[in-house]
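Scroll down for the structure; my scribbles are underneath it.
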Amino acid sequence: MKGTMLTRKVFDREVFFYLPSGYDASDKRYPVVYAQDGDKFKGFLTKIIDDIEIGFSNGSLEEHILVGITPIDRLSEYTPWFSKALNERFNDFGGQADNYLRFLLKDLQPYIENEFRVSVSKEDRKIMGYSLGALVSLYSIYKNNNYSKIASICSSQWYENWIKFMDEEEIINDNFKIIIIAGRKEGYKKTTIHKYAPKFSEKSYEIFKKRIGEKNIKMIWDEYDHHENILNRYKIALEFLLSKI
């Protein structure tokens, strides 16, 4: 790894940063990617960063600052409205995504734009997540006009009333591109609604294709379950977000 990784306590939560190798020696303002589940994202990134940095070196990828935000209560922060738990072993879904997205926009983003040399252009601002983290990333397009690219990895689109919501609600973001990465075997061992995860991913793709145009959405399938092939999925998502196209 040629870049620098650091962690700070920001607004009472852990936030992870990756700074490209030339950051300290330049006055460039960098595009930025906001990643949910920052603690897990950091671990995965350390295993694929060498490949990402090869893309930086050969010009196929543009250097970005990567920001991983660790949740305080992901079952609340990453869900758009209250919903009962699908298993009695877990807490209910708190439905505080509006507050969380407001925190990203009104608190964390100004902090980062003040502390680091990041571009303040929407074109240079991206967001991503895995599972519930992907759900809240997708939810952002209905709540603000802040991100130009969204990467959804194995998004929890089985969430109660989500498909109906995304088909009917107004999209606030007026210009963006999405990649949806999903596994055809997601939930195949489950008895809950999770077993229909591939069907919901396919439905969401069709809805987005209809609403924002086929050229603005990309669908990537693999033959794995929800918690498999994770590194490759993150690599595909980052290559989409960091590409110059």
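A short reminder: the numbers here are calculations on the coordinates, not readings from a lab. Values in this document were obtained by computation on a predicted structure and should not be read as measured data. Quick reminder, even Gly has a Cβ in these numbers, built from the backbone with ideal geometry, and neighbours come from all protein chains shown.
Past 25 Å, Cα to Cα: identify those pairs from K84/K106; K47/K210; K2/K42; K126/K209; K164/K199; K2/K177, in the order given.
In this structure, K84/K106; K47/K210; K2/K177 exceed 25 Å between Cα atoms.
List the residues, sorted by chain then number, that are 5 or more residues from K177 or on another chain and whose placed amide H is less than 5 Å from its amide H.
The answer is K149, I150.
Grab the alpha carbons of region 160-199, take their convex hull, and tell me the volume per residue in Å³.
Residue-normalised Cα hull volume stands at 74 Å³.
Label points 7 Å out from Cα along the Cβ direction at I48 and L231: separation in nm?
Label-label distance for I48 and L231, simple model: 1.0 nm.
If you restrict to DSSP beta bridges whose two residues both lie in the chain, what percentage is antiparallel, to the nearest 5?
Percentage antiparallel, nearest 5: 35.
Obtain the nm distance between the two label points defined at E202 and E62 by a simple spin-label model: each point lies 7 Å from its Cα along the Cα-to-C-beta direction.
Placing both labels 7 Å beyond Cα along the Cβ direction yields 3.5 nm.
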